[in-house]
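Peer 1: Before I ask anything, let me first share the structure, which is written out below as structure tokens.
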Amino acid sequence: MRTILLIFISLATSLTAQVRFVPNQGQWPEHVQHRAEVVSGGLQVDADGWTSWQWAPSESGDHHAGKKQGVLWQARWKHAEVSQHEDWATSETDTDELHFYLSSDPEHWAEHVQAARRIERDNLWPGISLRWRGTRNGNAKFEFTVSPGADPSLVGWEYSGVAPQLNSDGSLDLIHPLHDRSKGFSAQLARPFAYQLTPEGTMLSVECAYEVHGNSVGLRVGDHRTDLPLILDPEIAFSTFAGSTGDNFGTTASNGPEGSLVGGTVAFAPGTRPLPMPFKRQWASSQTASATWPSPYSAPMVRP
């Protein structure tokens with residue numbers, strides 16, 4: 001099935017954390033459908049959009065002293081179908097269980113709640129599905145999959161509490177009066193990057209940009225092949241390409257010749273594939289650095 005995938009980052013930060021989406025099973029108000037903790041804040045998936053909150057850096061340097069100050073803003077999908085709790089499908093569900101006793105009323109207790117790394121629902125707009133997941137930086141990311149025949153120009157949302165401002169590099173600042181970029185306190189959507197992959201593995205770039213009208217944000221997608229999926233701003237997963245059966249951690253990535261991608265890893269156990277083109281073929285006694293160099297014609301190169 002041919003699809004179009006649109007991806008955006010909701011917050012900017014430099015730390016690393018796991019993002020888990022906790023379903024509402026009665027512990028929160030009814031309009032809340034999932035909540036997730038992200039670095040320096042949190043995110044709440046609502047029936048018709050989402051709410052973000054972000055803690056400001058501590059003035060004293062002591063995170064346990066005084067009051068915490070932060071900002072909160074909301075975004076609402078434009079002309080979209082309001083979701084219901086049962087609309088969400090989950091994947092990468094964690095095995096641990098959470099228990100919530102947030103009031104004296106047992107009706108609002110929730111036990112054995114399991115969080116998921118990804119949640120998704122169909123037909124936010126006709127033929128357009130939505131998926132939330134975490135990033136390597138510990139932030140939340142939302143993606144859209146537009147089915148053949150659906151109109152990607154329907155995708156849009158409107159902010160309240162922050163003002164979207166388009167930058168010259170194509171990124172989008174979300175400006176709040178309390179934000180202070182000099183202190184690393186800001187929020188931004190990265191510039192959308194669009195491309196298509198042919199069956200042979202060749203990457204075709206496609207123009208894509210935000211359209212901002214007041215507090216409303218949409219997308220403008222350039223000419224592209226209608227017989228191929230169109231992917232915007234993906235998160236490349238090099239672990240898919242390395243194929244190691246032992247513990248290994250990606251440390252760096254770069255572009256290579258002829259459209260290839262180069263991923264650097266450190267392996268802590270035997271099991272790293274000797275092909276294609278590892279930096280070092282023999283396993284060392286403690287750890288081995290290797291470079292995975294996927295050909296532009298190997299498939300699949302990208303895991304949505």
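The values are calculated or read from the model by the stated rules, or taken from the named source; none is laboratory data. Quick caveat, the model's predicted, so the values are computed rather than measured. Because the Cβ atoms are built from the backbone with ideal geometry, glycine has one as well, and the counts that use them run over all protein chains shown.
Peer 1: Testing Ser205 on (1) among the small types (Gly, Ala, Ser); (2) outside any strand (DSSP E or B); (3) at pLDDT 85 or above, one condition comes back false. Which one is that?
Peer 2: (2)
Peer 1: When you look at Ile128, is it of a type in the set (Val, Ile, Thr), within 16 Å of Lys78 (Cα to Cα) and crowded, with 16+ Cβ neighbours inside 10 Å, yes or no?
Peer 2: Yes.
Peer 1: Quick one: count up the residues across segment 181-230 that are farther than 25 Å from Trp125 by Cβ and touching a residue at least 60 places away in the same chain (Cβ under 8 Å).
Peer 2: Residues that pass the stated criteria total 9.
Peer 1: Can you find a residue that is out of contact with any strand residue (DSSP E or B) (no Cβ under 6 Å at 6 or more places or on another chain), modelled with pLDDT of 90 or more and either acidic (Asp, Glu) or more than 30 Å from Leu178 (Cα to Cα) (or both) anywhere in segment 101-117?
Peer 2: yes
Peer 1: If only one of Thr51, Thr13 is crowded, with 18+ Cβ neighbours inside 10 Å and modelled with pLDDT of 90 or more, which one is it?
Peer 2: Answer to the check: Thr51.
Peer 1: Got a number for residues in segment 136-193 being among the hydrophobic types (A, V, I, L, M, F, W, C) and either outside the structural domain of Glu211 (by TED's automatic domain parsing) or in a strand (DSSP E or B) (or both)?
Peer 2: 12
Peer 1: So, Glu86, is that one in a helix (DSSP H, G or I) and at pLDDT below 85 or not?
Peer 2: When the stated conditions are applied, Glu86 passes them.
Peer 1: Looking at Leu172, Leu178, Leu189 in this structure, which one is under 20 Å from Val38 (Cβ atoms), surrounded by fewer than 12 Cβ atoms within 10 Å (Cβ to Cβ) and not charged (D, E, K, R)?
Peer 2: Leu178
Peer 1: Need the failing condition index for Gln44 against (1) at pLDDT below 90; (2) out of contact with any His (no Cβ under 7 Å at 6 or more places or on another chain), just the number.
Peer 2: Of everything listed in (1) at pLDDT below 90; (2) out of contact with any His (no Cβ under 7 Å at 6 or more places or on another chain), Gln44 misses just condition (1).
Peer 1: Can you tell me which residue within segment 139-167, out of those that are polar (S, T, N, Q) and over 17 Å from the mean Cα position of the chain (by Cα), is farthest from Arg225 (Cα to Cα)?
Peer 2: Result: Ser160.
Peer 1: When the residues of segment 101-123 are narrowed to those that are touching a helix residue (DSSP H, G or I) at 6+ places or on another chain (Cβ under 8 Å) and within 19 Å of Phe144 (Cβ to Cβ), which ends up surrounded by the most Cβ atoms within 10 Å (Cβ to Cβ)?
Peer 2: Out of the qualifying residues, it is Arg121.
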